[in-house]
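Written out below as structure tokens is the structure these notes cover.
The values are calculated or read from the model by the stated rules, or taken from the named source; none is laboratory data. None of the values given here were measured: they were computed from a predicted structure. Glycine also receives a Cβ, built like all others from the backbone with ideal geometry; neighbour counts cover every protein chain displayed. These accessible areas exclude ligands, DNA and RNA; they are computed on the full protein's heavy atoms, side chains included. Shrake-Rupley method; radii C 1.70, N 1.55, O 1.52, S 1.80 Å.
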Amino acid sequence: MKALTWQGKRNVSVETVPDPVIQHPTDAIIRVTSTAICGSDLHLYEVFGPFLDAGDILGHEPMGVVVEVGSAVTSLAVGDRVVVPFNISCGQCFMCRRGLQSQCETTQVTEYGSGASLFGYTKLYGQVPGGQAEYLRIPLADYNHVRVGDELPDDRYLFLSDILPTAWQGVEYAEVPQGGTMVVMGLGPVGQFAARIGVQRGYRVLAVEPEADRRAMAERHGVLAYDLTDDVVEQLRDLTEGRGADGVVDAVGLEAHGNPGVKFAQNAIGLLPDGIAQKLMDTAGMDRLASVYASIDVVRRGGTVSLSGVYAGDADVLPMKTMFDKQLSLRMGQCNVKNWVEDILPLVEDPADPLGVMDLVTHHAPLEDAPALYETFQKKEDGCIKVVLRPGAPVVAGGGA
């Protein structure tokens, strides 16, 4: 089959690789009909090279049609159409029963002290082959799927794999009171959905984003969007009677604008031998924290900062005095996809499309175009906000495979 593989820093390529096979009776195989490039994939493209091997298959936002099931699989059949959550969980352990599927005790990567295994996301998370490919093996398939209908296009459902539940969890964790004000830092795909979820819930939603086309997209959905300027925190405070927002969702993560010294360190790590680089990433302050700092500044006293963007350093410096003095709550973590799907699915299938899932994708393309689109997405060129790839199928503008 064809698959998008990591070959080095800023170097991905589509290669011919062996087809996946049933390895355990609980596995299933799908033919991938749509698979997206996630903002988190750009961290692999740029920063996480020490935890990748050349040839690793990337991608953790796939959906498709079941083509084979293991002998122990009871809830799936060949021909079923499914979305695949990005975290791999069992549904039965202590963590899964508490809605913490991203901490699944069955698939935790204990070698690195990490949570549940993820598709296509480094040795830190199990080095499981990802979904930017023509076919994908699904471990523990009875639990790790979301079955969907056949009537609506892929774009209606695809984002249940990651970014829509991630945004939903981010808003839940922000604990905004009814009628309150929420700030969203960053209007990439997760930020777009977080902002729209806030509007759908009746919040006043303010957002910060340096790219004009991303601000314009959010404004189509009732969001008040502001450029990333030196005085944007003061602007937002002025809009909240001087006290700040009830909750803030940081949808940016470790590669935020700002922190030039840390950006230099991130670049330098890519030049070190893997063993040294891995140790440094485990023990150093490796995140560009401008977005976190701004979130702490703009949230009101007694408010909540919710981190949805990926962070990776273990020695990052946070303003503990300010956080303590302001009596802030800080919530974060990988999304627990299966915990939120039942809440989101009716909105995805609503003919009115209240979350605007059909107004997010800016680029549909065949899998072969993925390397060029990684670069386009990273550089935010050509108005690129969300890329959906169609492995082995003709492109259908705005629709399904």
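For the reader, a short list of remarks on this structure follows.
- Region 98-115, subset part of a loop (DSSP other than H, G, I, E, B) and not polar (S, T, N, Q), residue surrounded by the fewest Cβ atoms within 10 Å (Cβ to Cβ): 113
- Members of region 83-97 that are more than 22 Å from residue 12 (Cα to Cα) and either crowded, with 22+ Cβ neighbours inside 10 Å or among the charged types (D, E, K, R) (or both): 83, 84, 85, 87, 88, 89, 96, 97
- Complete set of residues in region 289-324 that are within 25 Å of residue 122 (Cα to Cα), charged (D, E, K, R) and touching a residue at least 60 places away in the same chain (Cβ under 8 Å): none
- A Cβ distance below 6 Å, combined with a sequence gap of six or more or placement on separate chains, defines the contacts here; from region 6-29, residues that are at pLDDT below 95 reach residues that are in a loop (DSSP other than H, G, I, E, B) and surrounded by fewer than 16 Cβ atoms within 10 Å (Cβ to Cβ) in the pairs 9/270.
- Single condition residue 10 does not satisfy, out of (1) open to solvent by 50 Å² or more (accessible area, probe 1.4 Å); (2) under 17 Å from residue 136 (Cβ atoms): (2)
- Residue ranges of helices (runs of 4 or more DSSP H) in region 249-326 with at least 3 members of a type outside the set (A, V, I, L, M, F, W, C), open to solvent by 50 Å² or more (accessible area, probe 1.4 Å) and at pLDDT below 95: 260-269, 274-283
- Test: residue in region 157-169 that is touching a helix residue (DSSP H, G or I) at 6+ places or on another chain (Cβ under 8 Å) and on the phi > 0 side of the Ramachandran plot: no
- The set of residues in region 327-347 being open to solvent by less than 20 Å² (accessible area, probe 1.4 Å), more than 20 Å from residue 187 (Cα to Cα) and not β-branched (Val, Ile, Thr) consists of 336 alone.
- Residue count for region 119-166, restricted to those that are more than 27 Å from residue 7 (Cβ to Cβ), in a loop (DSSP other than H, G, I, E, B) and touching a residue at least 12 places away in the same chain (Cβ under 8 Å): 11
- Residues that are open to solvent by 30 Å² or more (accessible area, probe 1.4 Å) and of a type in the set (Gly, Ala, Ser) within region 348-368 comprise just one, 352.
- Selection from region 116-162 of residues that are open to solvent by 50 Å² or more (accessible area, probe 1.4 Å) and under 13 Å from residue 337 (Cβ atoms): 143
- Test: residue 204 is closer than 25 Å to residue 361 by Cβ and modelled with pLDDT of 95 or more: no
- The residues in region 199-210 that are touching a residue at least 40 places away in the same chain (Cβ under 8 Å) and open to solvent by 50 Å² or more (accessible area, probe 1.4 Å) can be counted, and the count is 1.
- Check on residue 184, in a loop (DSSP other than H, G, I, E, B) and either surrounded by 20 or more Cβ atoms within 10 Å (Cβ to Cβ) or touching a helix residue (DSSP H, G or I) at 6+ places or on another chain (Cβ under 9 Å) (or both): no
- Exactly one residue among 81, 98 is free of Cβ contacts under 8 Å to residues at least 12 places away in the same chain and at negative phi, and that residue is 98.
- Here 35, 26, 5 are screened, and the one residue that is closer than 30 Å to residue 76 by Cα and open to solvent by 10 Å² or more (accessible area, probe 1.4 Å) is 26.
- No other residue among 84, 67, 32 is of a type outside the set (Phe, Trp, Tyr), within 25 Å of residue 151 (Cβ to Cβ) and in contact with a His (Cβ under 7 Å, 6 or more places away or on another chain) apart from 84.
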